[in-house]
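This report refers to the structure that appears directly beneath it.
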Amino acid sequence: MKRISNNIYQISLGWVNVFVIEDDGLTLIDTGTKGSSGKIFSAIKNAGKNPCDIKRIILTHAHPDHAGSAEEMKRMLRVPVMAHREDALIMRYGIAFRKEICLTPGLKNWLIYELAIKRAGINIEPVCIDEQLNDRDLLPLLGGIRVIHTPGHSKGHISLLVENEGVLIAGDLLSNSTGLGLSVIYENMAEGISSILKVTDLDFDKIVFGHGKPILADAGSIMRQAFVNYDYALV
């Protein structure tokens with residue numbers, strides 16, 4: 001596990017990242033694709049921690065690379081799963097993608113979509129969300145983790161602001177795979193851009209992504225500079 005801050009860690013599962021928060025046991029943020037539980041448990045053990053200490057799972061959204069192992073891990077660990085109510089509505093039926101998909105322009109995005117996202121399928125194992133989250137909810141971890149509803153990539157997409165550690169867990173709000181930019185796909189690109197601008201008003205020093213490398217200093221300033229002058233005519 002890569003340490004992001006005092007109590008937040010990143011686990012890379014290849015092309016997607018999941019995160020662990022250490023406070024009141026462990027909290028897992030996202031679960032990777034189907035069959036990722038073994039890799040996640042191994043990473044936690046290799047860091048000298050016990051996977052059995054996972055007390056809850058929070059999903060940033062319903063897509064298969066983030067929620068693919070949610071039901072499997074829920075069964076194994078017997079812990080509650082939390083997500084925004086909009087995506088909770090479809091995950092209970094095993095639906096990961098809504099029909100509305102907008103591909104961000106660019107050859108790189110087209111290749112990722114064709115070679116990875118498209119092949120992942122549109123379904124996950126049905127999972128019942130035990131606690132539905134809403135915008136501005138405050139989770140009682142690390143002195144308060146703020147839920148930020150950031151729709152666009154998915155209708156129920158959330159980001160998590162860990163205020164006391166200055167970390168934004170951005171999910172797929174945007175990516176940093178080959179430089180800071182838009183995610184490969186959005187259900188509603190206009191909403192996605194609005195959500196990015198919403199987040200630029202927040203105070204954080206570090207940002208981590210579902211895809212790509214973290215930014216570990218001056219992240220809020222870097223993000224504001226990148227998107228305040230972003231050429232939205234490109235999309």
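The numbers here are math on the coordinates, done by the rules we state, and not lab data. Keep in mind that what you see is a predicted model, and the values were worked out from it rather than measured. No Cβ is skipped: glycine too gets one built from the backbone with ideal geometry, and neighbour counts run over all protein chains shown.
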Q | Mean residue ellipticity (222 nm) of the chain, computed from DSSP H runs ≥ 4 via -39,500 (n - 2.57), nearest 500 | A | -6500 deg cm²/dmol
Q: Assuming R0 = 30 Å, can you tell me the calculated FRET efficiency for the pair D205 and N123, based on Cβ-Cβ distance, to the nearest 0.05?
A: 0.20
Q: Name the residue, out of S69, S195, S221, whose mean-square fluctuation peaks in a Gaussian network model built on the chain with Cα pairs under 10 Å.
A: S221
Q) Among I117, H84, I54, whose Cα sits farthest toward the positive end of the charge dipole of the range 46-122 (+1 at Cβ of Lys/Arg, -1 at Cβ of Asp/Glu, about the Cα centre)? A) I54
Q | Descending semi-axes in whole angstrom, ellipsoid equivalent of the chain, from the Cα gyration tensor | A | 25, 21, 17
**Q.** Qualifying trypsin sites (Lys or Arg not before Pro) for the range 102-199 [loop in DSSP, other Cβ within 10 Å: at most 10]
**A.** R136
Q) How many nm separate the modelled label positions at L103 and E163, each set 7 Å beyond the Cα in the direction of the Cβ? A) 4.2
Q.
Rounded to the nearest 5, what % of DSSP beta bridges with both residues in the range 120-216 are antiparallel?
A. 75
Q) For the range 4-110, which GluC sites (Glu not before Pro) are both in a DSSP coil and crowded by at most 15 other Cβ atoms within 10 Å? A) E100
Q.
Going by average Cβ density within 10 Å per residue, which order do the peptides 27-35, 13-21 take, highest to lowest?
A. 27-35, 13-21
Q.
Give me a comma-separated list of calculated 3J(HN,Hα) values for the range 25-34, in order, Karplus coefficients 6.51, -1.76, 1.60 applied at θ = phi - 60°, integers in Hz, x for any Gly or Pro.
A. x, 10, 10, 9, 9, 6, 10, x, 6, 4
